[in-house]
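Shown next, in structure tokens, is the structure this report addresses.
The values are calculated or read from the model by the stated rules, or taken from the named source; none is laboratory data. Keep in mind that what you see is a predicted model, and the values were worked out from it rather than measured. Here the Cβ positions follow ideal geometry from the backbone for every residue, glycine too, while neighbour counts run over all protein chains shown.
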Amino acid sequence: MYRQKHLFLLPGLLVLVAIIIFPLLFTIRVSFSSWDVFQPGLDWIAGANYGRLLEDARYWGALGRLMIMAVGTVLIQYTLGFALALLVWGDLKARRFFRVLFLVPMMTTPVIMSVIWRTVFHESIGPLNGLLQALGLQGVPWLSEPALAFASVMMVEIWQWTPFMFLLLLAGLVSLPREPYLAARIDGAGPIRTFFAVTFPAMAGISIAAILIRLIEASKIMESVYVMTSGGPGTATETSTYYIYIRGLRDFQLGYASALSVTYLVIMIISLTIIAKVLVRLFVKDRT
Amino acid sequence: MKTVYLAIKYLAILLWSSFVLFPFLWAVTTSFKTANGVTGGATWIPWLQYEPSLQGWQSLFGGSGGTDITGPYFNSIIVTGSASLISIVLGTLAAYGLSRFTFKAGFIRNADITFFFISQRIMPPIVLAIPFFLLLRQLGLLDTLAGLILVYIALLLPIAVWVMVDFFNNVPRQLDEMAWLDGCTPMTTFYRVILPNSVPGLIVAGMFCLIFGWNDFFFAFTLTFTDTQLLPVAIVALNSSVTPWWSLSASALISVAPLILLAFVVERFLSRGGLAGAVR
């Protein structure tokens, strides 16, 4: 009877292994070759690509920017998402309408919304500067001044993905048991104390999960960058993923780009593991 | 004190709502503009501030010098639909297996296999793009719908497994055992007893597959050129220095519209508490 069990698991497992594992192993192999436009094909140049990337300041700069962008946006998304979830959790007129509205951005195609945002940020005929001028202020070069361009990309990421945090955290809030809240009210605890003593600890598990999922997704940021700034001005908004894309699929230095992506993947896995450990310790300490 | 608190609460909700709506409202008004209306500055109100026109919406079908997006629209539906369907079928089967039977291979246990599925979400698209490109070229599937469907299965299968494993773990085992006592094999148990009881899980899994499939840009962008264009690629192609903002806005709105309807479905599950299990 249990012999049939493989019929369930194997089709899916084999398909995934075939589609993912082969490409991954192939990338690792290509990273040890000098494959480019002029000499396509697998030769063996040992670790030359890895030596080159150690001295590639542009790569490490892009990695630093990606980390700041990922951690920055995710922390803001978490704070805003939690606040919004709390706002529509309790009594509210038209509660369901606002719940739907707050979910909408995550349903929209990021790259298409980035195209719209690019017109919103337009310096002379965009509505954002139009708004500033209507208030009697000066327009701002949203996408052509390095620090502002970085902030603009972050703002679009926050617009797009705060709803995801909101969704997970609200789902968590809705499933909380009611008894601790009755107890807190009997003890005469105010709303702020109730939040820190009851709600926040009870949400530890889902908070960790939500932050980790978003960090994983945020470590891939590139579409908003590609559409809105193309990494510019200069390299002010260039993230690792976008830099690897330029080296690999625009300059077609496949060998070098593969070395870059293998290094990037390893760094991502290590930092996400460390962050996961830190988060668990942080939240669990709060609980005791 | 209570009124101050309420005022702050509604103010916050109002502020965030305007932030959410801002790009949509801007796109709606822009889609009715002409070249004159766009260069005229950041205007919002038709007739009063600019002369509205249907040019942007007509250009969706190739009129007024725009690009016809009906082809890409159907391509997107075919690729997202078939990849989601295949992922759900394979993913649901695998998830049921992982939830009900014990698998052992060396040091590998059920939990490790489940983790292998889910961990594929960590893989950055750029890492896979280069080998996918070479692989599809080798198979002659570059710039075809079939090639994209194959790649999208790799994206969506982990999501389907993730949602369904968790769902099946919450379906009582007594259901299976009763079916076995009645003489069902695991296969018949699965599709006669378990599947009919799994509709909510299937809807959530299907929804996430549709969202991630429909919204992907990167693979469609790197693995197709001119024969097979998906919707996001066709729209981003409009995005140049001489962007026709009116057709850009109209096509953007029409391509994000179907998934916005999904927000209503998600909210229903949320309010009934049906999501809490599925997202953990």
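Within the range A:5-29, the residues that satisfy the criterion of being in contact (Cβ under 8 Å) with a residue 12 or more places away in the chain and more than 7 Å from every other protein chain (Cβ to nearest Cβ) are A:Ile28, A:Arg29. Looking at B:Leu60, B:Leu90, B:Leu85, B:Leu21, just one residue is within 9 Å of another protein chain (Cβ to nearest Cβ) and under 30 Å from B:Ile149 (Cα atoms), and that residue is B:Leu90.
Residues in the range B:82-115 that are of a type in the set (Phe, Trp, Tyr) and part of a helix (DSSP H, G or I) were compared, and the one that is farthest from B:Asn169 (Cα to Cα) is B:Phe115. Scanning the range B:1-43 for residues that are surrounded by fewer than 19 Cβ atoms within 10 Å (Cβ to Cβ) and among the charged types (D, E, K, R) turns up B:Lys2, B:Lys9. Condition check: surrounded by fewer than 16 Cβ atoms within 10 Å (Cβ to Cβ), in a helix (DSSP H, G or I) and either on the phi > 0 side of the Ramachandran plot or hydroxyl-bearing (Ser, Thr, Tyr) (or both). Does A:Thr263 satisfy that? Answer is no for this residue. Of note, B:Asp143 satisfies the criterion of being among the acidic types (Asp, Glu), more than 9 Å from every other protein chain (Cβ to nearest Cβ) and more than 30 Å from B:Tyr96 (Cα to Cα). For the range B:24-48: of the residues being touching a Pro at 6+ places or on another chain (Cβ under 8 Å) and in a loop (DSSP other than H, G, I, E, B), which is nearest to the other protein chains (Cβ to nearest Cβ)? Out of the qualifying residues, it is B:Ala42.
Residue-by-condition table, conditions (1) closer than 20 Å to B:Ile254 by Cα; (2) in the same structural domain as B:Phe208 (by TED's automatic domain parsing); (3) touching a residue at least 60 places away in the same chain (Cβ under 8 Å):
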{"site": "B:Ile13", "(1), (2), (3)": "no, no, no"}
{"site": "B:Phe24", "(1), (2), (3)": "yes, no, yes"}
{"site": "B:Ala27", "(1), (2), (3)": "yes, no, yes"}
{"site": "B:Tyr50", "(1), (2), (3)": "no, no, no"}
{"site": "B:Ser84", "(1), (2), (3)": "no, yes, yes"}
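So which of B:Ala111, B:Ala146, B:Ala105, B:Ala129 is among the small types (Gly, Ala, Ser) and either modelled with pLDDT of 90 or more or not assigned by TED's automatic domain parsing to the domain that holds B:Gly201 (or both)? Of B:Ala111, B:Ala146, B:Ala105, B:Ala129, the one residue that is among the small types (Gly, Ala, Ser) and either modelled with pLDDT of 90 or more or not assigned by TED's automatic domain parsing to the domain that holds B:Gly201 (or both) is B:Ala146. Among the residues making up the range A:246-277, those that are among the small types (Gly, Ala, Ser) and either touching a residue at least 60 places away in the same chain (Cβ under 8 Å) or more than 7 Å from every other protein chain (Cβ to nearest Cβ) (or both) are A:Gly255, A:Ser258, A:Ala259, A:Ser261, A:Ser271, A:Ala276. Just one of the listed residues (B:Ser31, B:Ser18) is of a type in the set (Ser, Thr, Tyr) and without any contact (Cβ under 8 Å) to a residue 12 or more places away in the chain, namely B:Ser18. Residues in the range B:116-125 that are assigned to a helix (DSSP H, G or I) and at pLDDT below 85: B:Ile118, B:Ser119, B:Gln120, B:Arg121, B:Ile122. Going by the structure shown, is A:Thr235 among the polar types (S, T, N, Q) and under 21 Å from A:Val284 (Cβ atoms)? Considered against the rule, which asks whether it is among the polar types (S, T, N, Q) and under 21 Å from A:Val284 (Cβ atoms), A:Thr235 comes out as no. Among the residues of the range A:156-191, those that are exposed (fewer than 15 other Cβ atoms within 10 Å of the Cβ) and farther than 18 Å from A:Asp91 by Cβ comprise A:Pro177, A:Glu179, A:Ala183, A:Ile186, A:Asp187, A:Gly188.
Could you go through the range B:101-110 and let me know if any residue there is more than 7 Å from every other protein chain (Cβ to nearest Cβ), farther than 14 Å from B:Leu223 by Cα, touching a residue at least 12 places away in the same chain (Cβ under 8 Å) and surrounded by fewer than 16 Cβ atoms within 10 Å (Cβ to Cβ). No; the residues of the range B:101-110 include none that is more than 7 Å from every other protein chain (Cβ to nearest Cβ), farther than 14 Å from B:Leu223 by Cα, touching a residue at least 12 places away in the same chain (Cβ under 8 Å) and surrounded by fewer than 16 Cβ atoms within 10 Å (Cβ to Cβ).
Residue check: A:Thr79 meets all listed conditions (1) free of Cβ contacts under 8 Å to residues at least 24 places away in the same chain; (2) of a type in the set (Val, Ile, Thr); (3) facing chain B (nearest Cβ under 7 Å) but one, namely (3).
Search the range A:236-252 for residues being assigned to a loop (DSSP other than H, G, I, E, B) and at pLDDT below 90, and hand back the single one that is farthest from A:Gln39 (Cα to Cα). It comes out as A:Asp251.
Hey, among A:Val111, A:Val115, which residue is among the aliphatic types (A, V, I, L, M), in contact with an Asp or Glu (Cβ under 6 Å, 6 or more places away or on another chain) and in a helix (DSSP H, G or I)? Answer to the selection: A:Val111. Kindly establish whether A:Arg99 is surrounded by fewer than 16 Cβ atoms within 10 Å (Cβ to Cβ) and of a type in the set (Lys, Arg). Spelling it out, it is not the case that A:Arg99 is surrounded by fewer than 16 Cβ atoms within 10 Å (Cβ to Cβ) and of a type in the set (Lys, Arg). Do the conditions hold for A:Thr162, that is, is it of a type in the set (Ser, Thr, Tyr), within 23 Å of B:Met123 (Cα to Cα), touching a residue at least 12 places away in the same chain (Cβ under 8 Å) and within 8 Å of chain B (Cβ to nearest Cβ)? When the stated conditions are applied, A:Thr162 does not pass them.
Residue-wise test of (1) aliphatic (A, V, I, L, M); (2) touching a His at 6+ places or on another chain (Cβ under 7 Å); (3) facing chain B (nearest Cβ under 8 Å); (4) buried (at least 17 other Cβ atoms within 10 Å of the Cβ).
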| site | (1), (2), (3), (4) |
| --- | --- |
| A:Met154 | yes, no, no, yes |
| A:Ala210 | yes, no, no, yes |
| A:Arg214 | no, no, no, yes |
| A:Ile244 | yes, no, yes, yes |
